[in-house]
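Report on one structure; see the data block that follows.
The values are calculated or read from the model by the stated rules, or taken from the named source; none is laboratory data. Keep in mind that what you see is a predicted model, and the values were worked out from it rather than measured. As a convention, Cβ positions derive from the backbone with ideal geometry for all residues, glycine included, and neighbour counts pool all protein chains shown. Note: areas computed on protein heavy atoms with side chains; ligands, DNA, RNA excluded. Shrake-Rupley method; radii C 1.70, N 1.55, O 1.52, S 1.80 Å.
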Amino acid sequence: MKRIGLLTSGGDAPGMNAAIRAVVRTAIYFGMEVVGIERGYKGLIDDLTVPMSMRSVSNIVHRGGTMLRTARCLEMFEREGQEKAVKTLAEHGIEGLVVIGGDGSFRGAKCLTETYGIPTIGIPGTIDNDLAYTDYTLGFDTAVNTCIEIINKLRDTMESHERISVVEVMGRHCGDIALYAGITSGAEIIIVPEIPYDMDDVIMRINRSRENGKHSNIIVVAEGVTSADAFAEKLQSVTEHSVRSTNIGHVQRGGSPSMADRMLAAQFGNKAVRLLKDGIGNRVVGIRKNEIIDMDIIEAVSMKKRFNYELYETLQMISM
Ligand code: ATP
């Protein structure tokens, strides 16, 4: 394979730039050319391409966002849009494609592979950590670290005023950001889509912690369950303690990637290009038990994410 395409798609995630750099530099190392495609599948359909060079990816390893930009693209769901995308690839002599994105972006890649025979490699880039086949996705670690930083600050003021802080985090239908941010910031309670919650139990845990000498509480709510405002309102109606709500929002998606995300980016990007170089397409790369793996894209997108109940129990035990 002599020329490959590269795009970022879906929601952006810290570490996407570092992965772009790793893809481009690895390809150049093996004597391959990389064509950058701007705005995800939208750019593939509209032929928005840029040549990528050793120097075009300088100074981006530490930057959040994606230099190739990203978009959601409805046309990619339709046959007409898909055919335009395939035409762009053919016109530029692109023989294989690397797609950095989440679940939806992988479905687009699967379609290009399955229906049109384009060798495609998916790199999991989403803060949500909602892909079943990989332990971690690119951007998740940085997003959780951002949540921790904000919860630390909230904890200071909640402690002074002896309040309960309800903090909303992202993750769509996946509770991983809430779970990891909850455990590592010392939250007492997390509310996640995978486990139905009971307000009586929430009150019981808060009261017990106060009886044990606590002056404030942190509750992390995943956006897939409800908003911080709605939860706080409901809680305030059944407790005498003062409740405040905070939605961390889009700051979770930005910022300089953490060491863990930069390391994943380097390894994922490198692995993706090595696969294409060896003529292997139709795969996604990931990490399992600290090892970089690849697997069939069709199998990967059909897997159901398993919630980590052991970690949830750990939180319950140590957050008294
Ligand atoms: P995130 O998890 O961060 O939201 P994502 O990749 O899951 O990222 P989506 O908006 O679900 O984000 O998908 C990105 C794009 O992938 C869509 O806008 C669409 O262009 C393409 N896509 C998604 N599903 C399909 C599908 N079934 N067939 C073809 N293309 C698809």
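Residue pairs whose Cβ atoms lie under 9 Å apart, separated by 6 or more positions or on different chains, with the first residue in segment 161-173 and not assigned by TED's automatic domain parsing to the domain that holds Gly186 and the second open to solvent by 20 Å² or more (accessible area, probe 1.4 Å), do not occur.
Identification of strands (runs of 3 or more DSSP E) wholly contained in segment 242-320 with 2 or more residues that are under 17 Å from the mean Cα position of the chain (by Cα) yields 283-288. Say we look at segment 203-241 and pick out the residues that are out of contact with any His (no Cβ under 8 Å at 6 or more places or on another chain), assigned to a loop (DSSP other than H, G, I, E, B) and not polar (S, T, N, Q); which of these is surrounded by the most Cβ atoms within 10 Å (Cβ to Cβ)? Residue satisfying both the conditions and the ranking: Glu223. Which of the residues spanning segment 179-202 are part of a helix (DSSP H, G or I) and among the hydrophobic types (A, V, I, L, M, F, W, C)? Those that are part of a helix (DSSP H, G or I) and among the hydrophobic types (A, V, I, L, M, F, W, C): Leu179, Ala181, Ile183, Met199, Val202.
Remark: pairs (first residue in segment 235-251, under 22 Å from Lys153 (Cβ atoms) and assigned by TED's automatic domain parsing to the domain that holds Val166; second residue outside any helix (DSSP H, G or I) and acidic (Asp, Glu); Cβ separation under 9 Å; 6+ apart in sequence or on different chains) = His241/Glu162; Ser242/Glu162; Ser245/Glu168; Thr246/Glu168; Asn247/Glu168; Asn247/Glu223; Ile248/Glu168; Gly249/Glu168.
Scan segment 291-304 for residues that are open to solvent by 60 Å² or more (accessible area, probe 1.4 Å) and in contact (Cβ under 8 Å) with a residue 60 or more places away in the chain and the total you get is 4. Taken over segment 1-17, residues that are open to solvent by 10 Å² or more (accessible area, probe 1.4 Å), out of contact with any strand residue (DSSP E or B) (no Cβ under 6 Å at 6 or more places or on another chain) and more than 10 Å from the ligand (Cβ to nearest atom) amount to 1.
The rows are residues; the columns are (1) among the aliphatic types (A, V, I, L, M); (2) open to solvent by 10 Å² or more (accessible area, probe 1.4 Å); (3) in a helix (DSSP H, G or I).
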{"residue": "Cys147", "(1), (2), (3)": "no, no, yes"}
{"residue": "Ile150", "(1), (2), (3)": "yes, yes, yes"}
{"residue": "Arg155", "(1), (2), (3)": "no, yes, yes"}
{"residue": "Ser165", "(1), (2), (3)": "no, no, no"}
{"residue": "Gly171", "(1), (2), (3)": "no, no, no"}
{"residue": "Ile177", "(1), (2), (3)": "yes, no, yes"}
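Condition first: farther than 22 Å from Tyr136 by Cα and of a type in the set (Gly, Ala, Ser). Now tell me which residues in segment 1-39 satisfy that. Those that are farther than 22 Å from Tyr136 by Cα and of a type in the set (Gly, Ala, Ser): Gly5, Ala27, Gly31, Gly36.
Whether a residue is surrounded by fewer than 24 Cβ atoms within 10 Å (Cβ to Cβ) and within 17 Å of the chain's Cα centre (by Cα) was assessed, and Gly36 does not pass this test.
Take Val86 and decide whether it is surrounded by 20 or more Cβ atoms within 10 Å (Cβ to Cβ) and in contact with a Leu (Cβ under 8 Å, 6 or more places away or on another chain). No, not satisfied.
Per this entry, Thr66 is counted among residues that are among the hydroxyl-bearing types (Ser, Thr, Tyr), more than 8 Å from the ligand (Cβ to nearest atom) and not in a helix (DSSP H, G or I). The combined condition, being away from the ligand (no atom under 15 Å from the Cβ), free of Cβ contacts under 8 Å to residues at least 40 places away in the same chain and either of a type in the set (Asp, Glu) or out of contact with any helix residue (DSSP H, G or I) (no Cβ under 6 Å at 6 or more places or on another chain) (or both), is not fulfilled by Ile94.
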